[in-house]
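The block underneath contains the structure these notes are about, expressed in structure tokens.
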Amino acid sequence: MPEQTRSVTFENVGKRYAGGVAAVDGVSLEVAGGSFVALVGASGSGKSTLLKMVNRLIEPSAGRVLIGGEDVSAVPAPQLRRRIGYVFQNTGLFPHLSVGENIAVPLRLAGSSSRDGRDTAARVAELLDLVELPREMAGRMPDALSGGQRQRVGVARALASAPRLMLMDEPFGALDPVTRDALGKAIRALHDRIGLTTIMVTHDMAEALLLADRVLVMEAGRVVADASPNELLAGKGGPAADALVAVPREQAHRLAELER
């Protein structure tokens with residue numbers, strides 16, 4: 001799977017569980033390389049299931065997923081996942097490993113203690129710089145960090161193998177609003193600076209509108225809206241999207257009233 005190709009294509013993808021319940025139902029779309037796409041919807045809408053089909057944490061019951069035109073099922077799952085950055089809500093840091101050791105896990109899984117002629121310590125230091133954490137933090141243990149710092153370490157680990165595709169599943173959900181906002185801006189800046197393709201799952205429509213180039217709204221396993229933030233704010237996404245947009249819009253109006 002060529003690293004320079006980063007588009008993601010879903011071809012009539014579906015996922016059904018026992019009893020015939022459809023978590024994802026016939027989704028077909030393409031995520032262009034270099035774009036930042038948000039998957040939004042209520043709990044149970046299928047957004048996380050769809051995301052996890054990209055790195056084969058969940059296998060589809062129907063259809064196929066392609067990265068750069070190549071079917072992900074043609075690549076052994078461990079090899080595929082080493083080429084994809086993955087960040088989720090609870091970071092998944094190993095509590096018995098230091099920050100530096102956590103970040104270096106993908107490099108060790110790849111069977112190399114070096115990358116591009118640089119040793120692991122230098123790569124860890126570079127990644128800490130990238131996520132705006134002090135280099136001396138490499139020696140700390142995860143439980144000595146704040147939630148926002150742990151999530152930045154999770155992002156650094158996801159970037160360790162220099163992936164061109166980043167998957168994020170509710171990455172800011174456990175953070176306080178101030179940290180969440182700051183980290184969201186940092187992730188978007190990293191996306192632009194590195195030239196990633198990013199697919200982010202969130203239940204927060206305001207977050208999706210502010211960070212993404214394109215927003216996909218899911219309902220009952222289907223994509224019911226596919227539009228830019230401007231189009232959604234203009235009411236062009238349909239009823240399900242309008243209902244989600246109405247929440248931050250109403251909150252903004254109420255705050256404006258309080259300021260009068």
Of all the residues that make up the range 223-232, how many are surrounded by fewer than 16 Cβ atoms within 10 Å (Cβ to Cβ) and either among the aliphatic types (A, V, I, L, M) or without any contact (Cβ under 8 Å) to a residue 12 or more places away in the chain (or both)? 2
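So that you can scan it fast, the table gives a plain yes or no per residue for (1) in contact (Cβ under 8 Å) with a residue 12 or more places away in the chain; (2) among the polar types (S, T, N, Q); (3) more than 22 Å from ARG188 (Cα to Cα); (4) open to solvent by less than 40 Å² (accessible area, probe 1.4 Å):
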{"site": "ALA32", "(1), (2), (3), (4)": "yes, no, no, no"}
{"site": "PHE36", "(1), (2), (3), (4)": "yes, no, no, yes"}
{"site": "ALA42", "(1), (2), (3), (4)": "yes, no, yes, no"}
{"site": "GLY46", "(1), (2), (3), (4)": "yes, no, yes, yes"}
{"site": "GLY63", "(1), (2), (3), (4)": "yes, no, yes, no"}
Residues that are within 13 Å of the chain's Cα centre (by Cα), at least 2 per element: which strands (runs of 3 or more DSSP E) completely within the range 108-227 meet that? 165-169, 197-202
Pairs needed: first member in the range 239-260, within 16 Å of GLU207 (Cβ to Cβ); second member anywhere, modelled with pLDDT of 90 or more and surrounded by 10 or more Cβ atoms within 10 Å (Cβ to Cβ); C-beta distance under 6 Å; at least 6 residues apart or different chains. ALA241/VAL217; ALA241/ALA225; ALA241/LEU232; LEU244/MET205; VAL245/MET205; VAL245/LEU232; PRO248/MET205; PRO248/ALA206
I'd like to know if the range 84-92 contains one or more residues that are closer than 30 Å to ALA220 by Cα, of a type in the set (Gly, Ala, Ser), over 17 Å from the mean Cα position of the chain (by Cα) and part of a loop (DSSP other than H, G, I, E, B). no
Let me spell it out: the conditions are (1) closer than 21 Å to PRO171 by Cβ; (2) in a loop (DSSP other than H, G, I, E, B), and GLY235 meets all of them except one. Which number is the exception? (1)
Need at least 1 residues that are of a type in the set (Lys, Arg) per element, so show me which strands (runs of 3 or more DSSP E) inside the range 11-77 make the cut, counting only ones lying wholly within it. 62-67
Of the residues ALA110, ALA144, ALA162, ALA121, only one is in contact (Cβ under 8 Å) with a residue 12 or more places away in the chain, surrounded by fewer than 16 Cβ atoms within 10 Å (Cβ to Cβ) and more than 24 Å from VAL54 (Cβ to Cβ); which? ALA121
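The values are calculated or read from the model by the stated rules, or taken from the named source; none is laboratory data. Note that the structure is predicted; figures quoted are calculated from it, not measured. Note that each Cβ is placed from the backbone with ideal geometry, even for glycine, and that neighbours are counted across all protein chains shown. Only protein heavy atoms, including side chains, enter the accessible area calculation; ligands, DNA and RNA are left aside. Shrake-Rupley method; radii C 1.70, N 1.55, O 1.52, S 1.80 Å.
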